[in-house]
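The values are calculated or read from the model by the stated rules, or taken from the named source; none is laboratory data. From a predicted model like this one, the values you see are computed outputs, not experimental measurements. Please note: Cβ atoms are built from the backbone with ideal geometry, for glycine as well, and neighbour counts cover all protein chains shown. We work out accessible area using only protein heavy atoms, side chains counted, and drop any ligands, DNA or RNA first. Shrake-Rupley method; radii C 1.70, N 1.55, O 1.52, S 1.80 Å.
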Amino acid sequence: MGSDLERRNSEMTQFVYTVSHDLKSPLVTIQGFSGALKHAIEAGEKEATRDMVERIHNASKRMSETVEDLLELSRIGMVIHESAEFSFGESCKMVLHDLAGLIDESDAVIRVIGGENKLYADEVRIRQVLQNLIQNAIVYGKSDDGAPEISVSLTSSGEQSVIRVE
């Protein structure tokens with residue numbers, strides 16, 4: 001009984017950490033672009049204003065989806081999305097868009113290799129994992145000049161695919 005309680009507490013701690021991580025990234029993007037938006041509006045930069053509003057909208061939409069997943073999880077105990085074929089490159093593009101504020105702030109250089117490849121998996125979970133790994137790489141991976149250099153790659157062999165964030 002005691003080990004079961006310890007295991008459940010450990011799972012809950014990991015869950016709370018993951019949720020906090022997943023919600024923090026869109027918030028960083030919203031905060032960064034809302035500050036820049038204020039300056040763009042004051043300067044009368046219409047095109048930059050439109051772009052920033054779009055980025056803020058997308059980040060808030062992603063945050064809303066995460067909250068919906070949490071609500072679903074609380075109801076059914078486990079969130080599982082249907083596996084389907086999707087573009088690895090497009091998923092990476094979405095993740096990098098969501099992390100744009102952090103990427104700009106850190107001057108990170110991110111290369112996607114194998115973006116033309118397709119995956120058959122739960123795209124929502126793949127994006128969450130990519131977002132967490134890339135965000136950690138930005139925060140904890142510094143190069144000699146201070147700006148993180150990150151490579152995200154997908155290689156496939158037969159039915160097996162390997163995603164790397166280095």
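Within region 93-123, the set of residues being open to solvent by less than 40 Å² (accessible area, probe 1.4 Å) and under 21 Å from Glu159 (Cα atoms) comprises Gly114, Gly115, Leu119, Ala121, Asp122. The residue that is farthest from Val139 (Cα to Cα), among those in region 22-51 that are touching a Ser or Thr at 6+ places or on another chain (Cβ under 8 Å) and either of a type in the set (Asp, Glu) or free of Cβ contacts under 8 Å to residues at least 24 places away in the same chain (or both), is Ile41. Answer yes or no: is there a residue in region 31-41 that is open to solvent by 100 Å² or more (accessible area, probe 1.4 Å), modelled with pLDDT of 85 or more and closer than 30 Å to Ser156 by Cα. No: region 31-41 contains no residue that is open to solvent by 100 Å² or more (accessible area, probe 1.4 Å), modelled with pLDDT of 85 or more and closer than 30 Å to Ser156 by Cα. Scanning region 124-166 for residues that are in contact with a strand residue (DSSP E or B) (Cβ under 6 Å, 6 or more places away or on another chain), open to solvent by 40 Å² or more (accessible area, probe 1.4 Å) and part of a loop (DSSP other than H, G, I, E, B) gives a single hit, Glu166. Filtering Thr66, Thr49 for residues that are of a type in the set (Val, Ile, Thr), under 28 Å from Ser161 (Cβ atoms) and open to solvent by less than 40 Å² (accessible area, probe 1.4 Å) leaves a single hit, Thr66.
Against the test of being among the basic types (Lys, Arg), touching an Asp or Glu at 6+ places or on another chain (Cβ under 6 Å) and free of Cβ contacts under 8 Å to residues at least 60 places away in the same chain, the options Lys142, Lys118 yield a single qualifying residue, Lys118. None of Val16, Val79 is outside any helix (DSSP H, G or I), at pLDDT below 75 and within 21 Å of the chain's Cα centre (by Cα) except Val79.
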